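Worksheet for the structure shown next.
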Amino acid sequence: LAAFNQEGTSPVDAHPKGASPFGIMDMAGNVWEWVADWYANKYDANETTDPNGSLNGESRVLRGGSWYSGSSVSLRGAYRFINHSDNRNNVFGFRVVEDLPAGQAGL
């Protein structure tokens, strides 16, 4: 379950049935996630695991869709959206993460 095609964001953990096997929620929808990658039309074909994209640029990559997305297609983690890095909007955001010590991550 994800927050998309609605009137605004949903509270954090509003969709507990959509939690990952690790208990992580809200990884799609609510707001587009700014990621560190600069946008490039395509990645280096030799980079098959976590490709970094361009080393510089003007536009960043957004992932995960938002509450304003009209289609669930944009909710895929592989779906990329491009936007100039200076733009601000109530459909853009970021995720706060924490590394857990080995053994506490449920692995």
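The values are calculated or read from the model by the stated rules, or taken from the named source; none is laboratory data. Note that this is a predicted model, so its numbers are computed, not measured. Cβ coordinates were reconstructed from backbone atoms using ideal geometry, including for glycine residues, and neighbour counts include every protein chain displayed. Surface areas here come from the heavy atoms of the whole protein model, side chains and all, with no ligands, DNA or RNA. Shrake-Rupley method; radii C 1.70, N 1.55, O 1.52, S 1.80 Å.
Could you give every pair whose Cβ atoms fall below 7 Å, whose first residue belongs to the range 59-86 and is more than 18 Å from Ala40 (Cβ to Cβ), and whose second residue is crowded, with 19+ Cβ neighbours inside 10 Å and among the polar types (S, T, N, Q), counting only separations of at least 6 or pairs across chains?
That search, which allows pairs on different chains as well, returns Gly65/Ser74; Ser66/Asn30; Trp67/Asn30; Leu75/Ser69.
Determine which single condition Ser20 fails, assuming it passes every other condition in (1) over 15 Å from the mean Cα position of the chain (by Cα); (2) without any contact (Cβ under 8 Å) to a residue 24 or more places away in the chain.
Among (1) over 15 Å from the mean Cα position of the chain (by Cα); (2) without any contact (Cβ under 8 Å) to a residue 24 or more places away in the chain, Ser20 violates only (1).
Being exposed (fewer than 11 other Cβ atoms within 10 Å of the Cβ) and assigned to a helix (DSSP H, G or I) is the filter here; which residues of the range 69-84 pass it?
Correct list: Val73 only.
Out of everything in the range 1-31 that is part of a loop (DSSP other than H, G, I, E, B) and among the charged types (D, E, K, R), what residue ends up being least open to solvent (accessible area, probe 1.4 Å)?
The qualifying residue least open to solvent (accessible area, probe 1.4 Å) is Asp26.
Assess whether Leu100 counts as being more than 22 Å from Ala3 (Cβ to Cβ) and either within 10 Å of the chain's Cα centre (by Cα) or free of Cβ contacts under 8 Å to residues at least 40 places away in the same chain (or both).
The answer is yes for Leu100.
Looking at the range 8-15, can you tell me whether even one residue there is of a type in the set (Val, Ile, Thr), touching a Lys or Arg at 6+ places or on another chain (Cβ under 9 Å) and without any contact (Cβ under 8 Å) to a residue 60 or more places away in the chain?
For the range 8-15, residues of a type in the set (Val, Ile, Thr), touching a Lys or Arg at 6+ places or on another chain (Cβ under 9 Å) and without any contact (Cβ under 8 Å) to a residue 60 or more places away in the chain: absent.
For the structure I just gave you, tell me whether Val35 is open to solvent by less than 90 Å² (accessible area, probe 1.4 Å), out of contact with any Phe, Trp or Tyr (no Cβ under 6 Å at 6 or more places or on another chain), part of a strand (DSSP E or B) and at pLDDT 80 or above.
Considered against the rule, which asks whether it is open to solvent by less than 90 Å² (accessible area, probe 1.4 Å), out of contact with any Phe, Trp or Tyr (no Cβ under 6 Å at 6 or more places or on another chain), part of a strand (DSSP E or B) and at pLDDT 80 or above, Val35 comes out as yes.
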